[in-house]
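Scroll down for the structure; my scribbles are underneath it.
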Amino acid sequence: MKGNAIWLATADTADGNAKKAAAIRETDRVPALPGFGKALATNRYAAFSVSRYLLEADLERLPETVPDVPDVPTPEASESLLARKRSEFRQTGVSDPVLTAPILYTVRFKVPQAFHEEFEAWYDQEHIPMILECPDWAGSARYSFENSDWTHLAMHFVTSADALDSPAMRAARKTPWRDKFLEHDWFGKVDKSFHFRENPPA
């Protein structure tokens, strides 16, 4: 999480070829991203329960005007997304959550424009500080998408899956502020993914 933006590429297939697609992207696609500054780090993840691979490239920056980024042609279902970092939090004593935590938990939201300001304030002022009470939560970063129907992305780095059902997380899910969002359909229509990092820390 050193840069100010990320490029996410997913590949999803039933027969395991997604791993090959992710490897192609890692070696051929990331170095060729035009106009985004250099990729400071690249991490490859595999989903817990399905044959899905995610490649996360930590970018130095995104330009003010983001051009289309064509993906590597593959026969698998795939997706490429660009996101700009808006906030970042780290557990006390953790210098780099990405290298510390083997598990990546991502959450994508489609937040209506009228709720953007309050949603971002809740996430940064209440939700993240509360879940960081769990020592297994190495860090989190919030992003806004640049080329997607999704509006917001949260990247959570945890050292143990137990963090996802920790007392801190359970408390964070039971606040009056969060309950206000639960009254709206869009808040329940999120995309959650759990991944293990495959490549070793650089």
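Here are a few things to note about the model shown:
- Per-pair calculated FRET efficiency, R0 = 22 Å: Thr175 and Lys2 via Cβ, rounded to 0.05: 0.10
- Cα-Cα pairs of segment 120-202 separated by more than 21 Å (percent): 35 percent
- When Leu82, Leu182 are arranged by Cβ crowding within 10 Å, least crowded first, meaning fewest neighbours, the order is Leu182, Leu82.
- Sequence-ordered 3J(HN,Hα) estimates for segment 117-133 from the Karplus curve with 6.51, -1.76 and 1.60 and θ = phi - 60° stand at 5, 5, 4, 5, 5, 4, 5, 7, 8, 10, 5, 5, x, 6, 6, 6, 5 Hz, glycine and proline given as x.
- For segment 90-96, the Karplus equation 6.51 cos²θ - 1.76 cosθ + 1.60, evaluated at θ = phi - 60°, returns couplings of 10, 5, 4, x, 9, 7, 9 Hz by residue, with Gly and Pro reported as x.
- Amide H contacts under 5 Å for Thr175: none, restricted to partners 5 or more places along the chain or on a different chain, H placed in the peptide plane at 1.01 Å from N.
- Theoretical FRET efficiency, 1/(1+(r/R0)^6), r = Cβ-Cβ of Glu183 and Val107, R0 22 Å, to 0.05: 0.70
- Relative to the current alpha-carbon distance between Ala121 and Arg86, full extension at 0.36 nm per residue lengthens the span by 11.5 nm.
- Using a Förster distance of 22 Å, the FRET efficiency for Asp165-Asp191 (Cβ separation, nearest 0.05): 0.65
Quick note: the coordinates plus some simple rules give every number you see, no bench work behind them. The shown structure was predicted, so the numbers you read here are calculated from the model rather than taken from an experiment. With ideal geometry, Cβ positions are generated from the backbone for all residues, glycine too; neighbour counts draw on all protein chains shown.
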